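Input: a single structure, listed below in structure tokens.
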């Protein structure tokens with residue numbers, strides 16, 4: 001005996017509806033309920049599944065018993081009704097209309113006189129859907145011609161440039177909040193204790209062999225004075241660590257070993273050596289670096305000393 005809907009489909013839908021309701025009504029915080037309460041959830045779902053299976057078998061058994069109580073004519077009517085398939089009548093009619101083909105029984109009306117070894121030709125019209133699309137493409141072409149070639153609206157180059165500019169703005173906004181995407185042009189000096197401690201760990205693991213633990217310098221230059229070979233400031237120091245020092249005799253490029261966020265941390269830690277006094281400072285190297293973005297210092301205002309007029313007649317000589 002056939003049902004309109006398969007029993008396994010009804011059970012599956014009912015089971016997942018119960019699961020969704022449990023997720024909605026059980027408070028489990030940020031975690032799904034079946035993760036927060038696995039034992040309770042899986043036990044309850046197993047019980048629900050067994051109940052659904054039992055109900056499905058009971059309903060089918062009752063349906064079979066009731067079917068056997070019918071007479072032969074009623075059984076035939078019942079089976080005929082159950083075997084009816086649902087059809088989308090409007091959809092089928094619309095499909096036939098858009099296809100525009102003649103049924104096989106009516107093909108004699110449109111058959112042509114051509115006959116090639118028993119093969120004959122039908123004078124079918126173009127399918128309405130194809131004709132409608134063709135007319136729509138003509139309308140689109142006219143609108144496109146008027147908009148872009150008569151009224152000179154934007155072209156592909158302008159559209160590309162606008163999209164690239166918008167994408168660049170989005171990238172810059174994202175970089176402001178994404179530490180991992182920092183580069184030499186966007187890096188800022190880090191002052192948080194956690195970042196400086198992380199930078200200290202990186203420095204002690206990779207840099208003390210050349211710069212000493214107190215930054216006084218050894219193979220590498222002194223990091224505590226105001227002299228810099230490749231420029232000071234967070235952006236220059238970040239770029240030096242990332243890309244390396246002078247060709248052939250400078251520091252290697254650390255961008256292959258350190259992430260951008262780690263380079264920013266160690267660069268900020270390196271700048272914390274400024275003004276400290278190392279045990280054995282190396283002689284200064286490079287030039288004294290001044291921050292070009294630092295506010296200019298105001299020159300001291302010269303005050304004129306008032307001249308005191310002296311009357312020569314009042315001066316007495318001893």
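Just so you know, all these numbers are worked out from the coordinates, no wet-lab data involved. From a predicted model like this one, the values you see are computed outputs, not experimental measurements. Every residue, glycine among them, receives a Cβ derived from its backbone with ideal geometry; neighbour counts consider all protein chains shown.
Using Cα springs under 10 Å in a Gaussian network model of the chain, which residue among 37, 269, 160 shows the largest mean-square fluctuation?
Highest fluctuation of the listed residues: 37.
Please give the Cα centre distance for region 102-152 versus region 7-42, rounded to the nearest Å.
Answer, in whole Å: 54.
Give the Rg/Rh ratio for the chain, taking Rg as the radius of gyration of the Cα atoms and Rh as the Kirkwood radius, to two decimals.
Rounded to two decimals, Rg over Rh is 1.36.
What does the helix-only formula give at 222 nm for the chain: each DSSP H stretch with n ≥ 4 adding -39500 (n - 2.57), the total divided by the residues, and the result rounded to the nearest 500 deg cm²/dmol?
The helix-only estimate for the chain comes to -16000 deg cm²/dmol at 222 nm.
Starting with the highest mean, order 168-176, 38-46, 194-202 by the number of other Cβ atoms within 10 Å, averaged over the residues of each peptide.
194-202, 38-46, 168-176
Which of 181, 145, 52 moves the most in a Gaussian network model of the chain with Cα springs under 10 Å?
In the Gaussian network model the winner is 52.
Is the shape of region 58-209 best called rounded, prolate or oblate, per the rule: a/c under 1.5 gives rounded, else a/b larger than b/c gives prolate, else oblate, with a ≥ b ≥ c the square roots of the Cα gyration tensor eigenvalues?
oblate
Let me see the pair-distance distribution of region 1-85: every alpha carbon pair, 5 Å bin width, integer percents in order.
Taking every Cα pair in region 1-85, the percentages come to 2, 13, 17, 16, 13, 10, 9, 7, 6, 4, 2, 1.
Per 5 Å bin from zero, what fraction in whole % of the C-alpha pairs of region 193-288 is there, up to the bin with the longest pair?
Histogramming region 193-288 at 5 Å steps yields 3, 15, 25, 30, 19, 7, 1, 0 percent.
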